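I have placed the structure first, in the form of structure tokens, so that the comments after it can refer back to it.
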Amino acid sequence: MSAPSSEKIVTASLVIIGNEILSGRTRDANLGFLAAELGKLGVRMMECRVIPDIEQKIMDTVNELRKQYDYVFTTGGIGPTHDDITADSIARAFGVGISEHPEAIDRMTRYYGDPAQFTPARRRMARIPHGASLVDNPISIAPGFQIENVFVFAGIPRIVEGMFHSMQHRLIGGTPLQVRTIRTNIVEGIVAEPLGDLQKRYADIDIGSYPGFRQGRPSVSLVMRGTDGRRLDACRDELVSILGALGGEAEEFVQ
């Protein structure tokens, strides 16, 4: 079954920028947050890339992804240090200049109060590509920015959350995905064949299988994603029947 003609699909990608992520020193926490929040708005996270602090790599990646997806988000590399090169790289990607943004300077001047605290390093965070609009930062004031369909955030998760909530009204979403999740004690090797047959009958629904352990016992979460609630319910009900026929448990997990 094909997707309904009225379904509107809006897509996004995320570029995680930072040598510290690739080295393993810092663990990313932003992908999960952004994917979940975008999903609520009907925007589907389709791709995520983790790249180093290399100007050409940032430019090439952003230019490639902004042509493929409705929205591109970047995290990392807009702080006060020498290796924070994201803003300059984005400016070059769009072929525009970059300079101190008057509103950003004003906000940061008022925030720091004492001119001695508003150091040259901190002033670097007020440099915004020409033509970009500011993204508010309610946590530590230094703004992110939007240029066309690209949103540039800091990397600290708390700041990413604040920036996202300050700009989410700018996003135009599509048809939201709905989710149904069934947990079972039947291992993947047993449920795989009937699950494959179920997927063929519900081609409009994405069915995923995710093994793990619960209370020291094998457990599999079977996740169904789609835009039609009635189809999802029918798929879930068939899955529960299949698991019952196999002699297994079928516990629905409500997210």
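Mind telling me which of 159, 147, 242 comes out most flexible in a GNM of the chain, alpha-carbon contacts under 10 Å?
The residue with the greatest mean-square fluctuation here is 242.
Take every Cα-Cα distance within the stretch 44-101, group them into 10 Å bins from 0 onward, and report for each bin the whole-number percent of pairs it holds.
With a bin width of 10 Å, the distribution comes to 21, 55, 22, 2.
Can you give the translational diffusion coefficient of the stretch 1-88 in µm²/s, computed by Stokes-Einstein from the Kirkwood radius over Cα pairs at 20 °C and 1.002 mPa s?
Numbers: Rh = 14.2 Å.
In µm²/s, the coefficient is 151.
Consider all pairwise Cα distances in the stretch 178-253 and report the whole-number % of them above 14 Å.
For the stretch 178-253, the fraction of Cα-Cα distances above 14 Å is 56 percent.
How compact and how long is the chain, expressed as Rg and Dmax of its alpha-carbon atoms in Å?
According to the Cα coordinates of the chain, Rg and Dmax are 22.3, 72 Å.
Would you mind ranking 123, 217 so that the residue whose beta carbon has the fewest other beta carbons within 10 Å leads the list?
Working: 123 16, 217 8.
Lowest count first: 217, 123.
Most exposed first by the Cβ proxy, i.e. fewest other Cβ within 10 Å, how do 94, 253 rank?
In increasing order of surrounding Cβ atoms, one gets 253, 94.
With +1 on each Lys and Arg Cβ and -1 on each Asp and Glu Cβ, and nothing else charged, work out how big the dipole of the stretch 12-123 is about its Cα centre, in Debye to the nearest 20. Write out the running numbers ahead of the final one.
Details: 13 positive and 16 negative charges, 50 e Å.
It works out to roughly 240 debye.
Which value at 222 nm does the chain reach when only helices count, each DSSP H run of 4 or more adding -39,500 (n - 2.57), with the total divided by all residues and rounded to the nearest 500 deg cm²/dmol?
-11000 deg cm²/dmol
Go ahead and set up a Gaussian network model of the chain, Cα springs under 10 Å, then flag whichever of 214, 127, 107 fluctuates most.
Per the Cα network of the chain with a 10 Å cutoff, 214 tops the list.
Take the alpha-carbon centre of the stretch 68-98, take the same for the stretch 133-192, and report the distance between them in whole Å.
18
With +1 on each Lys and Arg Cβ and -1 on each Asp and Glu Cβ, how big is the dipole of the chain about its Cα centre, in debye rounded to the nearest 20?
So the dipole magnitude of the chain works out to roughly 240 debye.
For the chain, with a Gaussian network of springs between Cα atoms less than 10 Å apart, report the residue from 215, 117, 168 with the top mean-square fluctuation.
Residue with maximal mean-square fluctuation among 215, 117, 168: 215.
What number comes out for the charge environment of residue 218, summing +1 per Lys or Arg and -1 per Asp or Glu over other residues with Cβ under 12 Å away?
Here the count lands on +1.
Going by how many other Cβ atoms sit within 10 Å of their own, how do 37, 100 line up, fewest first? The partial results should precede the final answer.
On the way: 37 17, 100 13.
Least crowded to most crowded, the residues run 100, 37.
Pop the C-beta distance of residue 253 and residue 54 into the FRET formula with R0 = 35 Å and round what comes out to the nearest 0.05.
Calculated value: 0.25.
Residue 67: which lysines have alpha carbons under 30 Å from its alpha carbon, excluding same-chain residues fewer than 8 sequence positions away?
Those lysines meeting the cut-off are 8, 40, 57.
For residue 27 and residue 105, calculate 0.36 nm times their separation in residues minus their Cα-Cα distance, and state this gained length in nm to one decimal.
Stretched out fully, the residue 27 to residue 105 stretch lengthens by 25.0 nm.
Throughout, read-outs are computed from the coordinates displayed, never taken from laboratory work. Everything numeric here is computed off the predicted structure, so don't read it as measured data. As a convention, Cβ positions derive from the backbone with ideal geometry for all residues, glycine included, and neighbour counts pool all protein chains shown.
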